[in-house]
Ligand SMILES: [Zn+2]
């Protein structure tokens, strides 16, 4: 009787992937999107307090339910590999690589300077109400301070070409 090779390694344990790892992966994937898209997902995550990867899968599931799953969009920049997100410091405008999600300042120094100025602005706010009405229901964890730097053009224009609709890929081939 022919012996079936049994050099199959002992049944490997089901690989354990933690929520943390999945969330980190989800975050990495989101950094591949233009920031206004990725940031919105982070905003939603903050508002609904769900795991990031649940949210990401939930978005895909919703697309599936709406029959839009096949209408995907590819960014040509993805061919160059993972984009390491660089953020622009809200204080000194220097580009930096953030350690934390949603980090606004390159260093604590810049954070402190900005904080001091905000305190200063708040004092002025008691005299005129310019800032209070502009951001209703501002989620705590979210990068939505009503500063002129709120729109970050660096990330939005990142990438090497135009966005590609899935349909046009099919036509090309
Ligand atoms: Zn800075």
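With a ≥ b ≥ c the root eigenvalues of the C-alpha gyration tensor of region 16-118, is it rounded (a/c under 1.5), prolate (a/b larger than b/c) or oblate?
Since a/c reaches 1.5 and a/b is larger than b/c, the shape of region 16-118 is classed as prolate.
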Extended-chain gain in nm, criterion 0.36 nm per residue less alpha-carbon gap, residue 70 and residue 29: 12.9 nm
In nanometres, what is the gap between the two model label sites at residue 47 and residue 117, each 7 Å from Cα along Cα-to-Cβ? 2.8 nm
Can you put 78, 53 in order, fewest other beta carbons within 10 Å first? 78, 53
For 17, 41, 50, which order do you get if you count the other beta carbons within 10 Å of each Cβ and list the fewest first? 17, 50, 41
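Computed from the coordinates by the stated procedures, all read-outs in this text should not be read as laboratory data. Predicted model only: the values in this text are computed from it and were never measured. Reconstructed Cβ throughout: ideal geometry from the backbone, glycine too, with neighbour counts over all protein chains shown.
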